[in-house]
Amino acid sequence: MPQDPRHDPWTRPAEPILEPDLPIVDPHHHLWDRQAAQIAALPPPRHGFEHLIRRVPRYLLHELLADTQGGHNVIATVFLECGAMYRKDGPEHPRPIGETEFVNGIAAMSASGLYGKTRIAAGIVGTASLRLGDAVAAVLDAQITAGGGRLRGIRLGAAWDADESVPSHRTKPGKGLLLRDDFRAGFAHLAPRKLTFEAWCYHRQIPDVTALARAFPATTIILNHFGGPLGIGSYAGRAKDVYAEWRKSISELTTCPNVVAKLGGINMEVNGFGWHERPRPPSSQELADATRHYYEFTIEQFGVDRCMFESNFPVDKASCSYTVLWNSFKRLTSGYSAAEKAKLFHDTAARVYRLTSA
């Protein structure tokens, strides 16, 4: 299935790479291959994941390398679960282990050095049904084995909103997943295995992340995509109200020392900036100008030791190119010191995900 040419990285006149020597760890990307039959079986297009994979049906090692080798100095990456390559057969709950096996194979290809300097998927974040409670322990142990020393954490999407026009996470978590007793019984098995948890939610669920972090202070929680400020459905045209509510929730969340924040993933359709509807993708300056307030407030609140830039590719590919996205991050930090930039672009991610070779 051809990609919409508006969103091909090479349709926009190439921008010069800003600070091309600055080392980068990209701590959030996906890999998948959706076959035509799978795509045909998807629900009608909406603003959610199903809509995206119609545009980018294949994103494997070579597609990712085409982005990471575009001029920025990407040293290593971290893969985030996305429902790819689950085992077809066998019991339901171990099936996501197939995704970890698949990504670990790609990581091994990259580690051979045959595909360039970037160590793709040096860290892997898989998934498991934490609502299994104590029974999830066996699945987590199998995931660790499948990761071949690369598994660093678990993500189980909690993204849900009372507005039915806002797409829920593909796993259909429903209201209050992070507050459920069965979920927390499974969550308790992460810290003993040195596994982090990726919190993917919408902005009105950020208080649930705060409550979870306070209940489990020994578990590192990584807030994905600024906590998902919404800009579609009933939130469309209410950017100031959403931002004010988001600021209040983020300020409270930062009081939890076990929480770190990923800076990115705010160019998705659900965020309401409408980049995907334009005839041409935005420039890095346009991206920086439109989203600066989210980046600056989060860095101010969390500090550079608890923040890391992320690409969220190929999801954000619906709005901009990889080169332009990282240029926008560099524009946002043009006034920062070299030490601050090192933490935001590389050091925090390398520390949190224990990437010793990055």
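The values are calculated or read from the model by the stated rules, or taken from the named source; none is laboratory data. These numbers were taken from a predicted model, which means no experiment stands behind them. Quick reminder, even Gly has a Cβ in these numbers, built from the backbone with ideal geometry, and neighbours come from all protein chains shown. Please note that ligands, DNA and RNA were not included when accessible areas were found on the heavy atoms of the full protein model with its side chains. Shrake-Rupley method; radii C 1.70, N 1.55, O 1.52, S 1.80 Å.
Scanning for something of a type in the set (A, V, I, L, M), modelled with pLDDT of 95 or more and closer than 22 Å to R152 by Cα, does the range 239-250 turn up at least one residue? No, the range 239-250 contains no residue that is of a type in the set (A, V, I, L, M), modelled with pLDDT of 95 or more and closer than 22 Å to R152 by Cα.
Taken over the range 198-225, the residue count meeting the criterion of being of a type in the set (A, V, I, L, M), in a helix (DSSP H, G or I) and either modelled with pLDDT under 95 or surrounded by 21 or more Cβ atoms within 10 Å (Cβ to Cβ) (or both) is 4.
Yes/no matrix, rows are residues, columns are (1) touching a residue at least 24 places away in the same chain (Cβ under 8 Å); (2) assigned to a helix (DSSP H, G or I); (3) of a type in the set (D, E):
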position: L65; (1), (2), (3): yes, yes, no
position: G70; (1), (2), (3): yes, no, no
position: Y86; (1), (2), (3): no, no, no
position: D89; (1), (2), (3): no, no, yes
position: M109; (1), (2), (3): yes, yes, no
position: K117; (1), (2), (3): yes, no, no
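Per-residue answers, yes or no, for (1) within 24 Å of L140 (Cβ to Cβ); (2) among the β-branched types (V, I, T):
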position	(1), (2)
F183	yes, no
H189	yes, no
L195	yes, no
H203	no, no
T220	yes, yes
N224	yes, no
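Among the residues of the range 131-189, the one identified as in contact with a strand residue (DSSP E or B) (Cβ under 9 Å, 6 or more places away or on another chain), of a type outside the set (G, A, S), assigned to a loop (DSSP other than H, G, I, E, B) and over 16 Å from G228 (Cα atoms) is R150. Could you grab me the full set of residues in the range 226-267 that are crowded, with 18+ Cβ neighbours inside 10 Å and in a helix (DSSP H, G or I)? Answer for the range 226-267, where residues must be crowded, with 18+ Cβ neighbours inside 10 Å and in a helix (DSSP H, G or I): F226, G227, Y235, V242, W246, S249, I250, L253.
Picking from residues in the range 302-328 that are among the aliphatic types (A, V, I, L, M) and in a helix (DSSP H, G or I), the one that is nearest to L64 (Cα to Cα) is V315. R331 fulfils the conditions (1) surrounded by fewer than 22 Cβ atoms within 10 Å (Cβ to Cβ); (2) among the basic types (K, R); (3) outside any helix (DSSP H, G or I) except for a single criterion, (3).
Rundown of residues vs (1) at positive phi; (2) not basic (K, R), yes/no style:
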{"site": "V136", "(1), (2)": "no, yes"}
{"site": "R155", "(1), (2)": "no, no"}
{"site": "A159", "(1), (2)": "no, yes"}
{"site": "P167", "(1), (2)": "no, yes"}
{"site": "G174", "(1), (2)": "yes, yes"}
{"site": "D181", "(1), (2)": "no, yes"}
{"site": "A185", "(1), (2)": "no, yes"}
{"site": "Y202", "(1), (2)": "no, yes"}
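Each row is one residue, and each column tells you yes or no for (1) assigned to a loop (DSSP other than H, G, I, E, B); (2) open to solvent by 20 Å² or more (accessible area, probe 1.4 Å); (3) under 27 Å from E164 (Cβ atoms).
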position	(1), (2), (3)
V270	no, no, yes
P279	yes, yes, no
P282	yes, no, no
L287	no, no, no
H293	no, yes, no
E296	no, yes, no
E300	no, yes, no
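When the residues of the range 86-139 are narrowed to those that are among the polar types (S, T, N, Q) and within 21 Å of D67 (Cα to Cα), which ends up most open to solvent (accessible area, probe 1.4 Å)?
That would be S112.
One residue alone among A14, A76 is under 27 Å from L344 (Cβ atoms), modelled with pLDDT of 60 or more and open to solvent by 60 Å² or more (accessible area, probe 1.4 Å), and that residue is A14. Taking the numbered list (1) more than 27 Å from L60 (Cα to Cα); (2) surrounded by fewer than 20 Cβ atoms within 10 Å (Cβ to Cβ) in turn, T356 passes all entries but (1). When the range 251-269 is filtered for residues that are closer than 17 Å to R155 by Cβ and modelled with pLDDT under 95, only M268 remains. Only one of the numbered conditions (1) over 26 Å from R354 (Cα atoms); (2) touching a residue at least 60 places away in the same chain (Cβ under 8 Å); (3) in contact with a Gly (Cβ under 6 Å, 6 or more places away or on another chain) is not met by D161, and that is (3).
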